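Remarks on the structure that follows.
Each value in this text was obtained by applying a stated rule to the coordinates, not by laboratory testing. What you see is a predicted model; the values in this text were computed from it and never measured. All Cβ positions, even for glycine, are placed from backbone atoms using ideal geometry, and neighbour counts span all protein chains on display.
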Amino acid sequence: MSDQKIEGTANPAVPGPRTATATAKHRVDPLAIIVRFQSLIGLVLVAIGGVIFSPRRHGEILFLDPDNIANIVRAVSETGIIAIGMTFVIITAGIDLSVGAVLGLSAVVTATMMISGGFGLIATILAVLVMGTVFGVIQGTISTRFRLEPFIVTLAGLQAARGLALVVSGNQYINISYGDGPGLAPPVFAVLGERLFDNTVPVATIVFIIFAAIATLVLNTTRFGRYVYAVGGNERAARISGVPVSMVKISVYAITGFASALAGIVHAGQFNFGSANDGMGYELTAIAAVVIGGTSLFGGAGSMVGTVAGTIMLGALANILQLNNITPAMQLLATAAIIVLAAVLQSLVRRREGLGR
Amino acid sequence: MSAPLLSVTGAVKRFGGVQALRGVDFDLKAGEIHALLGENGAGKSTLMNLLSGVYAPDEGEIRIDGKPVTFSNPREAQAAGIATIFQELDLVPSLDVAANLFLGRELMRPGGMLDVPAMRREAKRRLEAIELAIDPARLVADLSIGQRQVVAIVKALSYASRVLIMDEPTAALTVGEVERLFDIMRKLAATGVGTVYISHRLEEVPEIADRVTVMRDGRVAGITEPHAPQAELVRLLVGRPLDELYPARARSAGKTLLSLKDASFRLARESAGWQAPSGISLEVREGEIVGLAGIMGAGRTELLSALYGTGLAGRWHGEVAVGGRPVKLESINAARKAGIAFVTDDRRGSGLMLRMAVGLNLVMSVIRRISPAGLMSPRRQAEAVKQSFGQFDIRPKNPDIAVGALSGGNQQKVVLAKEILGNPRLLLLDEPTRGVDVGAKGEIYARLRALAAQGLGILVASSEMPELIGLCDRIVVLRQGRNVAEFNGGVDEHTVLAAANGREA
């Protein structure tokens, strides 16, 4: 899996953009630029396609209808929050399969604490966020302490979280009713399903955007963010340079755990119930959004903006297909094609840079 | 006179605006070992790639036995009898030797089953033909680098048997392994195989080559006798006399930085093939460059990694002191706190983040310093990068390109510069110039000496004896994990070798 034949690249013998930099400065490979902004470009293309192919009513383009746009960004906010956490993990060359299940567990616990437990809003939210974070810390610790593949550890985590959610919920939908008094949730919690600013911007989307902004800052401007890239870029080199590799790895799983819990709370608030089956398959959507966003599964490279754009792009694509009454089967195939396209583009750039596969 | 086995005339190869080969003539006789020397970028890799069918020449001609040939892919070159062994051996570590030798050409039983016994028998026969006793059922992962090299040669020769092209085959080998490889090369030459031998190690040339071609700037700079003086070869290589590859030694050394007295590293768990330091006594003083010599398995790398805490888990016994104070060097953190920095012998595997920019790599060991309150400071980062570029002549002078795209020499400068940024008191270097061309070597030696002059203590392990002798103030010889002899720099190579092998000089 290692990047091979790198030594030769500075040799003028090997063609590539890096060689070009050595001789003619500032010549940049257009393909590299496309890949760097692939998800943004994709998002723009999907938006243009949306306008073209959108059904119209009374001459109005339905795709651009404020309600429709609000729907798109609302629908992607849960997987978007998860994808943001996932970006950290994937940049370290890890993976977290437990996110969807932790979302389900969090939704169930949120509902149960408020309805049967009689806990207040703040206590519930804090407890669920701590729970998700601890869940991630446990997974990260097991993975680093016993040197296990995160794929396996988080696969087990997925099963564990679903199991716990079934136990807590008794395999029932926990409905959330609002009001004052025992067995009722504080009405303010329902705001998660509403829209602000003149009934335009969904609250779930606001949560998503705030989380994305914080994550972008953490990844790009903090020491921790740099460590994340370093661990994914070359774990051994990072260790030798004094980077606390285990701490960084445990932290990124704590972040996905936190993000999943946050998404679970948003889920419960939007749909007014918690169920052990919530968030089924979200891990794959999140991974797809991250990869489309240009983050490398090999680790060491990736961006938060890309992930956000990738998330919205997937949502917008699904929306156009829905507006045109195209079957869910076709939606899956379209997503598949985009994932492959994104991966192929990245692979082409790596090869052009002479950096192996 | 009959035509040479292989000849190239007027070869020109361009890549975009870069002219990699500017009209190269080269020939190889049957049974000849022809050394091809050149710094990175001189064009020897391109020439090798033309011969092995990776690229086609833009102009010029390749002939075999006087007949023009064209290769559109490596398979055609193989079919014409040209076998190439690249630095990255194309072996599958998780398969056994026989399976590797027959990869893609498996022997089958009727019915589509692999005929494993037949392949093992045949593999054994081929290995024995060059007097190498490797069990064909062993996994390649369990072989030493030297043994893998031989397996790769046997594999290559099994499908192309007239011309053997070897790209720096000795780069990762120990002295003993090099000797064995040379024996095998001589045997093959005696059977009529022509060998193109590409190397950075000038000192190997007289020992193995029949003829030497030196390339520079895409041209042949000269063809010479293997016994030409090294200064002559260096002049051809770099285009100017390099009167001083090694800088002048220090006049005086300062206070003792590292002191080991009867120090042993006991492993938490025994590990075969890991020669733990056992009963080592040595000192490194400020401003001093101390070399670690020894045959492969003598424990050079193990000593350095045990000092830095990157080796296997274990505990130091005996006296280990840094700056006069006893320290427990059992983790990377402890070593770094004591002011120790370490540059591994494997810059690609554990030294660099290859796909990340040069600048990001440079600041990796000082992230703390450039991120006050946990926030990265772009200004401090730029300053650190500027400092490194000022100290080491890293080329191209662009901190934004991926470090993996740099030449070996420049990558090594990045690794060194990165550790120097952390202001260590003691620098541990393992094979500091492996795979580095002569020009860059000279620069690295000069930098190390300049750093030592500022008070840095350097402990350097190397399997290149001339490097230790030329660079170091003192050389400590290790055998079986302990120091058995000590010499001043400039000592005769045979004396050191004799001590390393446990013989009288």
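Decide, for segment B:6-238, between rounded, prolate and oblate: order the square roots of the alpha carbon gyration tensor eigenvalues as a ≥ b ≥ c, take rounded if a/c falls under 1.5, and otherwise choose prolate if a/b is larger than b/c, else oblate. Prolate shape, in that a/c is at least 1.5 and a/b is the bigger ratio. Ranked by the mean number of other Cβ atoms within 10 Å of their residues, highest first, the peptides B:471-477, A:323-329 fall in the order B:471-477, A:323-329.
Note on segment B:244-305 and segment A:181-242: Cα centroid distance 48 Å, given to the nearest whole angstrom. Cross-link reach is defined here as a Cα-Cα straight distance under 19 Å, omitting same-chain residues fewer than 8 places apart; for B:Lys187 the lysines meeting it are B:Lys29, B:Lys124, B:Lys155.
What is the local net charge at B:Gly309, summed over the other residues whose Cβ is closer than 12 Å to its Cβ (Lys, Arg +1; Asp, Glu -1)? Show your work: numbers first, answer last.
On the way: positive: A:Arg239, B:Arg315, B:Lys328, B:Arg336, B:Lys337; negative: B:Glu330.
Result for the neighbourhood of B:Gly309: +4.
Taken along the Cα-to-beta-carbon direction at a fixed 7 Å, the label points for A:Ser347 and B:Ser377 span 4.4 nm. Once the Cβ-Cβ distance of B:Val92 and A:Asp180 is raised to the sixth power relative to R0 = 56 Å, the FRET efficiency obtained is 0.20.
Quick one: which of B:Lys386/B:Lys418; B:Lys386/B:Lys413; B:Lys397/B:Lys418; A:Lys249/B:Lys328; B:Lys328/B:Lys413; B:Lys337/B:Lys397 span more than 20 angstrom between C-alpha atoms? Over 20 Å Cα-Cα: A:Lys249/B:Lys328; B:Lys328/B:Lys413; B:Lys337/B:Lys397. Taking 0.36 nm per residue of sequence separation and removing the Cα-Cα distance, the A:Ile122/A:Ile206 pair yields an extension gain of 28.4 nm.
List the equivalent ellipsoid semi-axes of the protein assembly as shown in whole Å, largest first, each obtained as the square root of 5λ for an eigenvalue λ of the Cα gyration tensor. All intermediate terms of the calculation are to be shown ahead of the outcome.
Details: eigenvalues 601, 232, 135 Å².
Gyration-tensor ellipsoid for the protein assembly as shown: 55, 34, 26 Å.
In nanometres, what is the gap between the two model label sites at B:Arg14 and A:Arg56, each 7 Å from Cα along Cα-to-Cβ? It is 5.3 nm.
Would you tally the net charge around B:Asn361, using a Cβ to Cβ cut-off of less than 13 Å, leaving B:Asn361 out, and scoring K and R as +1, D and E as -1? Present the calculation step by step, with values, prior to reporting the outcome.
On the way: positive: A:Arg226, B:Arg347, B:Arg348, B:Arg355, B:Lys413, B:Lys418; negative: B:Asp400, B:Glu419.
Spelling it out: positives minus negatives among the neighbours equals +4.
Extent along the principal axes, Cα only, for segment A:41-352: 59, 51, 34 Å, with the longest axis given first.
Let's test the formula: R0 of 35 Å, r as the Cβ-Cβ distance of B:Arg63 and B:Ala190. What FRET efficiency results, to the nearest 0.05? Write down the numbers at each step before the final one.
Values: r = 24 Å, r/R0 = 0.69.
Using R0 = 35 Å, I get an efficiency of 0.90.
With R₀ fixed at 45 Å, the C-beta to C-beta distance from B:Met296 to A:Arg145 puts the FRET efficiency at about 0.85.
What is the projected area of the convex hull of the Cα atoms of chain B, averaged over all directions, in nm²?
The number I arrive at for chain B is 26.9 nm².
The separation of segment A:73-151 from segment B:35-111, counted between C-alpha centres, amounts to 52 Å.
Counting only DSSP beta bridges with both residues in the protein assembly as shown, what percent are antiparallel, rounded to the nearest 5?
Here the antiparallel bridges make up roughly 60 percent for the protein assembly as shown.
Centre-to-centre, using Cα atoms only, segment B:366-431 and segment B:163-214 are separated by 35 Å. Taken along the Cα-to-beta-carbon direction at a fixed 7 Å, the label points for B:Lys337 and B:Glu232 span 5.8 nm.
Counting other beta carbons within 10 Å of each Cβ, put B:His494, A:His58 in order, fewest first. Before the final figure, lay out the partial values.
Values: B:His494 11, A:His58 4.
With the fewest neighbours first, B:His494, A:His58 line up as A:His58, B:His494.
Shape class for segment B:353-422, computed from the alpha carbon gyration tensor (a ≥ b ≥ c): prolate, with a/c not under 1.5 and a/b above b/c. Subtracting the Cα-Cα distance of B:Ser271 and B:Ser2 from 0.36 nm times their residue separation leaves 91.2 nm of extension gain.
What's the extension gain from A:Thr221 to A:Val188 if we count 0.36 nm per residue and subtract their Cα-Cα distance? Intermediate results must be reported in sequence, preceding the final value.
Details: separation 33, 0.36 × 33 = 11.88 nm, distance 3.43 nm.
Computed gain between A:Thr221 and A:Val188 is 8.4 nm.
The charge dipole of chain B, taken about the Cα centre with unit charges on the Cβ atoms of Lys, Arg (+1) and Asp, Glu (-1), comes to about 1560 debye, rounded to the nearest 20.
With a cut-off of 18 Å on the backbone N, the residues of segment B:456-481 near the modelled label site 7 Å out from B:Leu312 along Cα-Cβ are B:479-481.
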